[in-house]
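Shown next, in structure tokens, is the structure this report addresses.
The values are calculated or read from the model by the stated rules, or taken from the named source; none is laboratory data. It should be emphasised that the depicted structure is a prediction, and the values quoted were computed from it without experimental measurement. Cβ placement follows ideal geometry from the backbone for every residue including glycine, while neighbour counts extend to all protein chains displayed. Note: areas computed on protein heavy atoms with side chains; ligands, DNA, RNA excluded. Shrake-Rupley method; radii C 1.70, N 1.55, O 1.52, S 1.80 Å.
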Amino acid sequence: MNRAEATPGTAAESGTPFVAESGTPSAGPQPAPGATPPPAPLAGRAAAELVGTAALVTVVVGSGIQATRLTDDVALQLLANSTATVFGLGVLIALLGPVSGAHFNPAVTLAEWWTARRGGQGVTARETAVYIAAQVIGAIVGAVPANAMFGEPLVKWSTHDRTAGNLLLGEVVATAGLILLIFGLARTDRLRFAPVAVASYIGAAYWFTSSTSFANPAVSIGRAFTDTFAGIAPGSLPGFIGAQLAGAVVGLALVAIIFMPGKDGPQREA
């Protein structure tokens, strides 16, 4: 990622206070990505999603440009880009998670909406539409300061073609893993680890997926507005976004299988 970017099913997801290490409730609700935030104005949550997604794209694009300015070694460029993304994403989730859930990713928002439709807690259809609009706008806005800081045209369509089938498979795998991670943390009441866990996963997926793990439709759109290291050609977007949405479906299926609600077995006699 680069926001990803929501799942209900546990107390953590419904916005109840997380339990501190000492066993006492924390000062207030602290939802992470996938958690339904405590009641707050939708405008404020949308602003958090817009700013968070914009900042994420700025980190991804800016660090990519910086990396290419410092070295011609592609491996070092990817290392610099992924390292900056890990730190930036972790900070953004920790900062904005308590406000909006820190989705920063339409795939995550849609997954939460779908789970809510199935009877869990989550965003409504209206909230989903507002979140996704904010994420896409934020992603586009975020590319502009990254370009400007390094003397690039404020907006320039990327020419970096990413239409190969193996890259699309990489996006399916990356997004499925992200959804499995976020929803799995929610199902096991461990969303407090989301800032570290989600950022770490994205950092790893930079390296183990052929596509360098965009795993985020909004960020993919934002990266089309920069003809630099992190860019993606507009013509490649339909395939990437389709693969990401397919990955979200796969991820939700895995969550349903792996974290299936258990049934009480026969009780043993004392």
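How high is the FRET efficiency from LEU78 to THR124, r the C-beta distance, R0 35 Å, rounded to 0.05?
0.35
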**Study point:** Whole-number accessible area per residue in Å² for the stretch 150-222, which is evaluated in the context of all protein chains at 1.4 Å
**Key:** 40
Review point. Once phi is turned into θ = phi - 60°, what whole-Hz ³J(HN,Hα) does the Karplus curve with 6.51, -1.76 and 1.60 give for every residue of the stretch 70-84, x standing for Gly and Pro?
Key: 8, 8, 9, 7, 5, 5, 5, 4, 5, 4, 5, 5, 5, 5, 4
**Study point:** Kirkwood hydrodynamic radius over Cα pairs of the stretch 160-270, then Stokes diffusion coefficient at 4 °C and 1.567 mPa s, in µm²/s
**Key:** 85
Practice item. Work out, step by step, the length gained on full extension between LEU42 and LYS156: first 0.36 nm times the residue separation, then minus their alpha carbon distance; give nm to one decimal. Key: 37.8 nm
Exercise for review: Can you tell me which of 71-79, 138-146, 231-239 comes out highest on packing, and rank the rest after it, using the mean Cβ neighbours within 10 Å?
Suggested key: 138-146, 231-239, 71-79
**Study point:** Zero-based 10 Å bins, Cα pair distances in the stretch 75-205, whole percents
**Key:** 10, 34, 40, 14, 2
